[in-house]
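**Student:** Attaching a single structure in structure tokens format; questions to follow.
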Amino acid sequence: MAQRLATVYVKTSLILTEAEMSKFTQLFAEQQMNLQVKVLDNGNQELALEDDAAQDCILTFERVGNRYRFSGSCRITNPKLANAMRKAVAQFKGDAIVHRIYTGYTMVYHYEQGTAVQIIECKDGSEKLVYEYKDTLGSLQKLFDRIDVEAAIQVTHIEINDLLDERNACATEDEKSAIDLKLGALTQKLFALEAY
């Protein structure tokens, strides 16, 4: 098995509540990682994670209201720290683009809401798609919704036709005006359904 040389969190985004921030730091402590937390004057927090390469991976969480937001990058050579960071992104539903660098190739992972949605192998200047998340359930739900919309369109057409027949049979202008108001509402409904 190829040995990973480094893991680079090229673009990472995490948004945590105060309680989640505490759990975030606890996750690294449980992994027995060297962690230093520095609270800044403006309420921001800096987390320094010590790596084997005698360098720190510093994550600066900006305080925005009652939440902490991290948006940035870091390079990690310690496999244990890289694994802890992967767990954190998954647990706290983060978005990230991660390069796992091996000798001769790089695996690029795209995370959305903590889930790997795409994995690409980059080797010798070419890219090969290894994995891509397919939202089958979501696709089926959209199809089902579309069928519901088609059924609603058919029902609306029937209602419009019935009202037109009723309008043709009306004797007074007041009855026709009342039906015209209903027809106008159904026409608007039809436009909205067809736009879906």
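**Student:** Across the chain, how large is the tail of the calculated P(r) beyond 28 Å, expressed as a percent of all Cα pairs?
**Tutor:** 52
**Student:** Looking at the square roots a ≥ b ≥ c of the eigenvalues of the Cα gyration tensor of the range 9-107, which shape do they give, rounded for a/c under 1.5, prolate if a/b is larger than b/c, or oblate?
**Tutor:** prolate
**Student:** Moving to a separate point now. Could you go through the range 158-174 in sequence order and give the Karplus-derived ³J(HN,Hα) for each residue, using 6.51 cos²θ - 1.76 cosθ + 1.60 with θ = phi - 60°, rounded to whole Hz, and x for Gly and Pro?
**Tutor:** Here the 3J(HN,Hα) series is 4, 4, 5, 4, 4, 5, 5, 4, 5, 5, 5, 8, 6, 9, 10, 5, 5 Hz.
**Student:** Now a separate question. According to the Cα gyration tensor, what semi-axes, each the square root of 5 times an eigenvalue, does the equivalent ellipsoid of the range 136-196 have, listed from largest to smallest in whole Å?
**Tutor:** 33, 10, 5
**Student:** Return the long-range amide H neighbours of K11 (sequence gap of 5 or more, or a different chain), with a cut-off of under 5 Å between placed amide H atoms.
**Tutor:** Here I97 satisfy the definition.
**Student:** Here's another thing I want to ask about it. If amide hydrogens are placed 1.01 Å from N in the peptide plane, which non-local residues have theirs closer than 5 Å to the one on A6?
**Tutor:** So A6 has HN proximity to I101.
**Student:** Using helices alone, what [θ] at 222 nm do you get for the chain, with -39,500 (n - 2.57) per DSSP H run of 4 or more residues, divided over all residues and rounded to the nearest 500?
**Tutor:** After summing the helix terms and dividing by residue count, I get -14500 deg cm²/dmol.
**Student:** Which links in K142/K182; K38/K123; K80/K123 stretch past 32 Å when you go from one Cα to the other? Each step should come with its number before you reach the end.
**Tutor:** Details: K142/K182 30 Å; K38/K123 39 Å; K80/K123 25 Å.
Flagged as over cut-off: K38/K123.
**Student:** Given H placed on each backbone N at 1.01 Å, which residues far from M33 in sequence or on other chains put an amide H within less than 5 Å of it?
**Tutor:** So M33 has HN proximity to no qualifying residue.
**Student:** Applying the Karplus parametrisation 6.51 cos²θ - 1.76 cosθ + 1.60 with θ = phi - 60° to the phi angles of the range 87-93, what ³J(HN,Hα) value in whole Hz is obtained for each residue in order, glycine and proline being reported as x?
**Tutor:** Each residue of the range 87-93 in turn: 4, 5, 4, 5, 5, 9, 6 Hz.
**Student:** Do any cysteines in the chain lack another Cys Cβ under 4.7 Å, and if so which?
**Tutor:** When partners are defined as cysteine Cβ atoms under 4.7 Å apart, the chain leaves C122, C170 without one.
**Student:** Let me ask something additional. State the answer as a single residue: which of I58, A171, N42 lies farthest towards the positive end of the charge dipole of the chain, with beta carbon charges of +1 for Lys and Arg and -1 for Asp and Glu, about the Cα centre.
**Tutor:** Result: I58.
Every read-out reported here was derived from the displayed coordinates using simple, explicitly stated rules and does not represent laboratory data. Here the structure is a predicted model, which is why all the values come from computation and not from measurement. As a convention, Cβ positions derive from the backbone with ideal geometry for all residues, glycine included, and neighbour counts pool all protein chains shown.
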